Amino acid sequence: MKPEEQDIARRKNEIIAEVNALFKANMKFTDWDVPEADDALAAKLIIEIMQEALDGLKAKLDAGEFK
């Protein structure tokens with residue numbers, strides 16, 4: 001296993017926790033801003049935005065921007 005793979009593997013749970021924390025923070029913001037929010041709809045929309053961001057990062061990776 002390459003050193004980069006070992007490093008990321010060691011931090012996998014931390015990375016997942018950070019992504020989950022970002023999601024939960026945005027759910028809280030929605031609850032504060034929209035007291036009677038539809039949580040399922042808010043979650044769906046937040047996940048779509050997060051996926052859009054990940055897709056953008058993947059496109060940059062594929063374009064060679066992280067060399």
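The values are calculated or read from the model by the stated rules, or taken from the named source; none is laboratory data. What you see is a predicted model; the values in this text were computed from it and never measured. Cβ sites come from the backbone with ideal geometry, for glycine too, and all protein chains shown count toward neighbours. Protein only, heavy atoms only, side chains kept; ligands, DNA and RNA dropped before computing areas. Shrake-Rupley method; radii C 1.70, N 1.55, O 1.52, S 1.80 Å.
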Handout entry: Residues satisfying the stated conditions in region 27-67, i.e. hydrophobic (A, V, I, L, M, F, W, C), closer than 30 Å to Glu4 by Cα and either out of contact with any helix residue (DSSP H, G or I) (no Cβ under 7 Å at 6 or more places or on another chain) or in a helix (DSSP H, G or I) (or both)
Key = Ile46, Ile47, Ile49, Met50, Ala53, Leu54, Leu57, Ala59, Leu61, Ala63
Exercise for the section: Go through region 27-65 and give me each residue that's open to solvent by 70 Å² or more (accessible area, probe 1.4 Å) and among the small types (Gly, Ala, Ser). Expected result: Ala40, Ala63
Completion exercise
Residue set Lys24, Lys2; condition within 19 Å of the chain's Cα centre (by Cα) and either without any contact (Cβ under 8 Å) to a residue 12 or more places away in the chain or farther than 25 Å from Phe66 by Cβ (or both); output residue Lys24
Practice task
Inspect region 10-26 for any residue being modelled with pLDDT of 95 or more, outside any helix (DSSP H, G or I) and open to solvent by less than 100 Å² (accessible area, probe 1.4 Å) and give the result as yes or no.
Solution key: no
Handout entry: Residues within region 48-65 that are under 16 Å from Ile16 (Cβ atoms) and more than 13 Å from the chain's Cα centre (by Cα), tallied
Key = 0
Exercise for the section: State which residue pairs qualify: first residue over 19 Å from Thr30 (Cα atoms) and inside region 40-67, second residue loosely packed, with under 10 Cβ neighbours inside 10 Å in any location, beta carbons under 6 Å apart, and separation of 6 or more residues or different chains. Expected result: none
